[in-house]
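What follows is a single structure, written as structure tokens, with notes after it.
The values are calculated or read from the model by the stated rules, or taken from the named source; none is laboratory data. These numbers come from a predicted model, not from an experiment. Here the Cβ positions follow ideal geometry from the backbone for every residue, glycine too, while neighbour counts run over all protein chains shown.
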């Protein structure tokens, strides 16, 4: 796609999203569901080819010359195995944890207690890990433990240079802001679509 055509597509989609947000979200969700369906279908085809290869060996070995049966079974197994393996490798992505110093609750009990209090006040899911980094930044990173299938580990990332330049009230505010990104209604759909890219 040429840059001008891409820009025109983006402009058209932005207009659609502004004119009818519900319709736009529905279309995007259907497109994502279609993608999941295609991945599942490809996996089923691969597994069906493997099952067919096993069936050819089991049933066909008695009725037809052995060499022909083995050739057919080998081709089916190779195609099915390659397809199934490719699909599984594509959906079972490994997402690394955030680099930095992972704090343990006993090392910083006050920080963990404050994060838990803020989390409850904001209404966000639990934070599984707090990581200190050398960057001047704060972020909340979600790492899917099961690739595209989710089960997210929520990691609160706090840059030490940023923490050193804030007082306690400012740090609470920044942490609460980051926790707000996890709240159910706050961009969950957008975050899901972004992760699918």
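Residue by residue, here is whether (1) closer than 21 Å to residue 180 by Cβ; (2) outside any strand (DSSP E or B); (3) not assigned by TED's automatic domain parsing to the domain that holds residue 183 holds:
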position: 75; (1), (2), (3): no, yes, yes
position: 113; (1), (2), (3): yes, yes, no
position: 121; (1), (2), (3): yes, yes, no
position: 131; (1), (2), (3): yes, no, no
position: 139; (1), (2), (3): yes, no, no
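When residues in segment 129-181 are screened for being under 21 Å from the mean Cα position of the chain (by Cα), at pLDDT 95 or above and loosely packed, with under 14 Cβ neighbours inside 10 Å, 0 of them pass.
Being in contact with a helix residue (DSSP H, G or I) (Cβ under 9 Å, 6 or more places away or on another chain), closer than 30 Å to residue 145 by Cα, surrounded by 15 or more Cβ atoms within 10 Å (Cβ to Cβ) and touching a residue at least 60 places away in the same chain (Cβ under 8 Å) is true of residue 28.
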